[in-house]
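Every number in this text was worked out from the coordinates using simple rules, so none of it is lab data. This is a predicted model, so every value here is computed, not measured. Reconstructed Cβ throughout: ideal geometry from the backbone, glycine too, with neighbour counts over all protein chains shown.
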Amino acid sequence: MGRLENKVAFITGAGSGIARAAAFLFAREGAKVVIAELKPELGKATELAVRDAGGDALFIETDVTKEDSVKHAIAETVARYGQLHVLYNCAGGSIPQDAPVTTVSLDVWQHTMSLDLLGPFLCCRHGIPELIKAGGGSIINMSSVAALQGSFGLHVYMTAKGGVISFTRALAGEYAKQNIRANVICPGMVLTERVKQRFGGTAGTPPTPQAEAIRRRLQEHPFAVGQPEDIAHIALFLASDESRMITGAVIPADGGLSAY
Ligand SMILES: NC(=O)c1ccc[n+]([C@@H]2O[C@H](COP(=O)([O-])OP(=O)(O)OC[C@H]3O[C@@H](n4cnc5c(N)ncnc54)[C@H](O)[C@@H]3O)[C@@H](O)[C@H]2O)c1
């Protein structure tokens, strides 16, 4: 029997990166997986690939920054699968235009806060009532090592991801009596396509100064760079009943970057 047998999981951003890896893993462990993704071509491709691998998946075009879209996606999930047990709020990411507070464009604020903080907030707003109806469930949010320590440059992203940690703790306390757990993962560097393109390392792309700084730090922290599956495995554990004593936890998956 799979580790997520009879569970329905709603995964945002599952057209690529960590969430896509989680969609495969969750489906392999028996979950029915909803791919809530902004870009139809990516979402559809994940749906087909998960099905080809023998899983049960449904793509629902979703913009997590828009309340109507999230509401519709949760309603479609329940219409298709009857229940909802796992809410994995993964869509997000920093953008290269992020900068220190005195110089950053407020467009960056709008984009990043909407995607990285409002997105999980809206998914919880509409997902939690369904978790309660199902008798409980697991919420997994995504923060970052950038929220665990001060670092240069990404002021808006750090602020949003810090908010995700506080929000997760609030959820854990508020909904424990309804048998809902809420935890947050803080990855270091994960080599998704977006990250590889942004920080160089692909053929013909010169490394950015930021990439150079990261490379120097990685010499001291050899576990700090990983693959999407490394994070998806943590999410799988948090989604499953194996982690039933864990709630309100902030889990660094950063190879020690925030510890030493
Ligand atoms: N990759 C890393 O190094 C890293 C490090 C720390 C934290 N994280 C966090 O992990 C999460 C996943 O990161 P990733 O690198 O896998 O991302 P990614 O860019 O590979 O994938 C993000 C997916 O979300 C989708 N998306 C974008 N806007 C959306 C919206 N409004 N509604 C629905 N879907 C939308 C994108 O189309 C894409 O498919 C993010 O929250 C990110 O902040 C990533």
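Brief remarks on what is shown
- The gain in end-to-end length when the Asp241 to Ala176 segment is fully stretched comes to 22.0 nm, 0.36 nm per residue minus the alpha carbon separation.
- Rg followed by Dmax, in Å, when region 116-163 is reduced to its Cα trace: 13.8, 43
- Max mean-square fluctuation residue, GNM over the chain, Cα-Cα springs under 10 Å, options Ala22, Ala232, Ala49: Ala49
- Here Phe59, Phe237 are placed in order of increasing Cβ neighbour count within 10 Å, fewest first, which gives Phe237, Phe59.
- Simple label model, 7 Å out from Cα along Cβ direction - Ile132 to His72, nm: 2.5
- Alpha-carbon geometry of region 76-175: the Rg and the Dmax are 15.3, 48 Å, given in that order.
- Charge dipole (the chain, unit charges on Cβ, about Cα centre) - positive-most of Leu48, Ala19, Met1: Met1
- Order of Leu236, Leu87, Leu106 - criterion: other Cβ atoms within 10 Å of each residue's Cβ, fewest first: Leu106, Leu236, Leu87
- Across region 1-51 the C-alpha pair distances fall into 5 Å bins from zero in the proportions 5, 26, 35, 21, 10, 3, 0 percent.
- Here the chain is treated with +1 on each Lys and Arg Cβ and -1 on each Asp and Glu Cβ, and its dipole about the Cα centre works out to around 280 debye.
- Kirkwood analysis of region 109-260, using all unique Cα-Cα pairs, places the hydrodynamic radius at 16.5 Å.
- Fewest-first ranking of Ser144, Ser69, Ser240, using other Cβ atoms within 10 Å as the exposure measure: Ser69, Ser240, Ser144
- At q = 0.14, 0.17, 0.19, 0.23 Å⁻¹, base-10 log of I(q)/I(0) for region 86-137 (Debye sum, equal scatterers on each alpha carbon): -0.47, -0.60, -0.67, -0.82
- Cα point-scatterer Debye curve for region 1-122, base-10 log of I(q)/I(0) at q = 0.12, 0.18, 0.23 Å⁻¹: -0.44, -0.86, -1.26
- Pair-distance distribution P(r) for the chain, from all Cα-Cα distances in 5 Å bins starting at 0: 1, 6, 14, 18, 20, 17, 12, 7, 3, 1, 0 percent.
- In summary, the lysines within cross-link reach of Lys196, defined as a Cα separation below 22 angstrom excluding same-chain residues under 8 places away, comprise Lys39, Lys161.
- Backbone N under 15 Å from the Gln149 label point (7 Å along Cα→Cβ), restricted to region 219-239: 219-225
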